[in-house]
């Protein structure tokens, strides 16, 4: 019916404002990631697995605008977005990960992100959930849901500019020395408490009433 429905895991239905939510998972549209491929990208900007898994490189961690990540040495920038006015000023604007030589390691064009965001988030419903693994996996969903309508991609960029939305990938390259096997997972995430900043209308509804 035109609604994007997303669940987010919580440990208590009375505490739902500080949980991490994955907003969208678009692949880069340009940069070294796109032109040279994911394997080249991870070999150049990834790092050895922190849990000691052999023959594996990871590319992960929270990347916020203007902050150099200590493991990847990449800095995220908003190119063509005016923070003060909250407006896009460049038709070729993009979200970009820059290395220490100012090369674009990966980037997402505003145009591609805008289409994705407006299509999936113009009407969005967020549902808190509890999960159990034993004796078998099962889920329970909360009755207080968050509804957001009337979004604007520039609201997304404004939240990104101040660090409320960030890039948090889970990319890896296994069997590095033999038959490399890459896994893609690009994620833009936020905390549930910041959701009202992304929509012109926002409300919490108790569907049990």
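Can you tell me which residue within segment 80-96, out of those that are surrounded by fewer than 15 Cβ atoms within 10 Å (Cβ to Cβ) and touching a strand residue (DSSP E or B) at 6+ places or on another chain (Cβ under 8 Å), is nearest to residue 29 (Cα to Cα)? Break it down stepwise before answering.
Residues of segment 80-96 surrounded by fewer than 15 Cβ atoms within 10 Å (Cβ to Cβ): 83-87, 89-92.
Still in the running and touching a strand residue (DSSP E or B) at 6+ places or on another chain (Cβ under 8 Å): 87, 89-90, 92.
Details: 87: 21, 89: 19, 90: 17, 92: 12 Å.
Selected residue: 92.
Give the residue, chosen from 174, 102, 132, that is under 27 Å from residue 56 (Cα atoms) and in contact with a strand residue (DSSP E or B) (Cβ under 6 Å, 6 or more places away or on another chain).
Details: 102 fails: in contact with a strand residue (DSSP E or B) (Cβ under 6 Å, 6 or more places away or on another chain); 132 fails: under 27 Å from residue 56 (Cα atoms).
Unique residue meeting the criteria: 174.
Which one is nearest to residue 8 (Cα to Cα) among residues in segment 110-152 that are within 15 Å of the chain's Cα centre (by Cα) and surrounded by 19 or more Cβ atoms within 10 Å (Cβ to Cβ)?
Applying the first criterion (within 15 Å of the chain's Cα centre (by Cα)) to segment 110-152 yields 110, 112-114, 116-117, 120-121.
Restricting the remaining residues to those that are surrounded by 19 or more Cβ atoms within 10 Å (Cβ to Cβ) gives 110, 113, 117, 121.
Details: 110: 26, 113: 22, 117: 18, 121: 15 Å.
Of everything passing the filter in segment 110-152, 121 is nearest to residue 8 (Cα to Cα).
Need a quick list: strands (runs of 3 or more DSSP E) entirely within segment 70-143 having at least 2 residues that are in contact (Cβ under 8 Å) with a residue 12 or more places away in the chain and closer than 15 Å to residue 188 by Cα.
Details: elements: 75-79, 94-98, 104-109, 123-132, 138-141.
It comes to 75-79, 94-98, 104-109.
Condition check ((1) at pLDDT below 95; (2) outside any helix (DSSP H, G or I); (3) more than 15 Å from residue 22 (Cα to Cα)) across all residues:
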{"position": "156", "(1), (2), (3)": "no, no, no"}
{"position": "176", "(1), (2), (3)": "no, yes, yes"}
{"position": "203", "(1), (2), (3)": "yes, yes, yes"}
{"position": "209", "(1), (2), (3)": "yes, yes, yes"}
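Which residues, taken from segment 165-193, are free of Cβ contacts under 8 Å to residues at least 60 places away in the same chain and either more than 22 Å from the chain's Cα centre (by Cα) or crowded, with 17+ Cβ neighbours inside 10 Å (or both)? Spell out how you get there, then give the answer.
Quick first cut of segment 165-193, residues free of Cβ contacts under 8 Å to residues at least 60 places away in the same chain only: 179, 181, 183.
Result: 179, 181.
Scan segment 5-18 residue by residue and report those that are over 17 Å from residue 202 (Cα atoms) and assigned to a loop (DSSP other than H, G, I, E, B).
Across segment 5-18, the qualifying residues are 10, 11, 12, 13, 14, 15.
The values are calculated or read from the model by the stated rules, or taken from the named source; none is laboratory data. Predicted, not measured: the structure shown is a model, and the values here were computed from it. Every residue, glycine among them, receives a Cβ derived from its backbone with ideal geometry; neighbour counts consider all protein chains shown.
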